[in-house]
């Protein structure tokens, strides 16, 4: 990825250009802009997060979650998930930073598009697998939204929700977690999900979803 070899000023200029494109009236230009940012966040997230343009990038992605084209929203959800995953892996004690973005990812669990909902679930699951602190701090809001996804009419979304719930509620870590999860999901679901293999994520629902593309 070329961004790895750019000077800081060049990277800043590129991010500013992408931010401008993200406001284009042409949806393919908006999509291309967010795709590029998402790819940069995969290959070199630390430079993006340390850039003076980072807050502009975050605001751009937040705004793009309301785009009228679902591929744009899905890519923005993926990009925000990558930022949160990077923060969870590298700044795991700073839950405040993660709590600022988590509400936006959680809001996409109610998106009209099943692709966006599934992407959000995949991102949240990846974050929960590396650092549960911020997830647990936001569980009051995340729990009910995740419970709704377990009843989703779309099968891939339901399956992604099951894998997400397994890690968000830490269901393989003991009966006390299974009992605590029943504040949000049924006892039957909690017990059933707790028996899923912890490390058997399918190719369509793994943290590679967050790290790919």
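Give me the helices (runs of 4 or more DSSP H) completely within the stretch 92-144, filtered to those with at least 2 residues that are within 18 Å of residue 169 (Cα to Cα) and under 12 Å from the mean Cα position of the chain (by Cα), ordered by residue number.
Details: elements: 95-107, 114-130, 133-137.
So the answer is 95-107, 114-130.
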Residue by residue through the stretch 22-43, note down the ones that are part of a loop (DSSP other than H, G, I, E, B) and over 12 Å from residue 61 (Cβ atoms).
23, 24, 25, 26
Going through the stretch 171-184 in order, the residues found to be in contact with a helix residue (DSSP H, G or I) (Cβ under 7 Å, 6 or more places away or on another chain) and without any contact (Cβ under 8 Å) to a residue 40 or more places away in the chain are 171, 172, 177, 178, 181, 182
Give the stretch 39-93 a look and list any residue that's buried (at least 18 other Cβ atoms within 10 Å of the Cβ) and under 14 Å from residue 27 (Cα atoms), or say none.
64, 65, 67, 72, 73, 74, 75, 76
Number of positions in the stretch 170-200 that are in a loop (DSSP other than H, G, I, E, B) and at negative phi
11
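Throughout, read-outs are computed from the coordinates displayed, never taken from laboratory work. Not measured: the values here are computed from a predicted model. Positions of Cβ are generated from backbone atoms using ideal geometry, with glycine treated the same way; all protein chains shown enter the neighbour counts.
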